[in-house]
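The values are calculated or read from the model by the stated rules, or taken from the named source; none is laboratory data. Just so we're clear, the structure is a prediction, and the values are computed from it rather than from any experiment. Backbone-built Cβ (ideal geometry, glycine too); neighbour counts: all protein chains shown. Heads up: the accessible areas ignore ligands, DNA and RNA and are worked out on the full protein's heavy atoms, side chains in. Shrake-Rupley method; radii C 1.70, N 1.55, O 1.52, S 1.80 Å.
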Amino acid sequence: VQLQASGGGLVQAGGSLRLSCAFSGSVFSSHAVGWFRQAPGKEREFVAAVGWSESNTYYADSVEARFTISRDNAKDTVYLQMNSLKPEDTAVYYCAAKIPLGSNWYVKKYDFWGQGTLVTVSS
């Protein structure tokens with residue numbers, strides 16, 4: 001499995017960005033995809049995840065109601081729409097994939113990771 005994250009950039013506080021994660025190398029519809037982020041000097045943290053369908057989405061409390069994760073199974077791509085961005089959202093954002101099994105799968109180990117894309121939110 002290969003994952004390619006894109007869409008990062010510099011945006012002012014209150015602005016929006018949409019990240020994309022392109023999936024290849026296996027059956028996309030069998031995999032769940034999560035977004036994680038790592039700010040300078042901090043540990044990587046869970047942001048959002050989507051299961052086999054958009055009826056199963058999960059968010060960190062810090063981004064709930066501002067970020068929306070979605071997937072397009074025709075394009076083998078997952079998106080993270082980020083609105084009302086804050087300076088504290090500044091981080092390298094990573095997408096990751098796994099077969100979703102068991103409870104709370106979305107915060108447990110992911111098998112495949114993409115390279116990160118940098119999001120910088122200026123105040």
Q. Counting only residues that are touching a helix residue (DSSP H, G or I) at 6+ places or on another chain (Cβ under 9 Å) and assigned to a strand (DSSP E or B), which one in region 22-46 is surrounded by the fewest Cβ atoms within 10 Å (Cβ to Cβ)?
A. F46
Q.
Give me the residue from region 80-98 that is in a loop (DSSP other than H, G, I, E, B) and open to solvent by less than 40 Å² (accessible area, probe 1.4 Å) and, out of that set, farthest from Q38 (Cα to Cα).
A. L85
Q) Just one of T77, T57, T68 is modelled with pLDDT of 95 or more, of a type in the set (S, T, Y), within 18 Å of V121 (Cβ to Cβ) and surrounded by 14 or more Cβ atoms within 10 Å (Cβ to Cβ); which is it? A) T68
Q.
Please determine whether any residue of region 6-18 is closer than 20 Å to A91 by Cα, part of a loop (DSSP other than H, G, I, E, B) and among the aliphatic types (A, V, I, L, M).
A. yes
Q | Cβ-Cβ under 6 Å pairs, at least 6 apart or on other chains, region 99-123 side over 13 Å from F36 (Cβ atoms) and open to solvent by 50 Å² or more (accessible area, probe 1.4 Å), far side part of a loop (DSSP other than H, G, I, E, B) and aliphatic (A, V, I, L, M) | A | S123/A13
Q) What are the residue pairs meeting all of these: first residue in region 54-78, first residue part of a strand (DSSP E or B), second residue acidic (D, E) and open to solvent by 50 Å² or more (accessible area, probe 1.4 Å), Cβ atoms under 9 Å, and 6 or more apart or on different chains? A) I69/E54; S70/E54; R71/E54
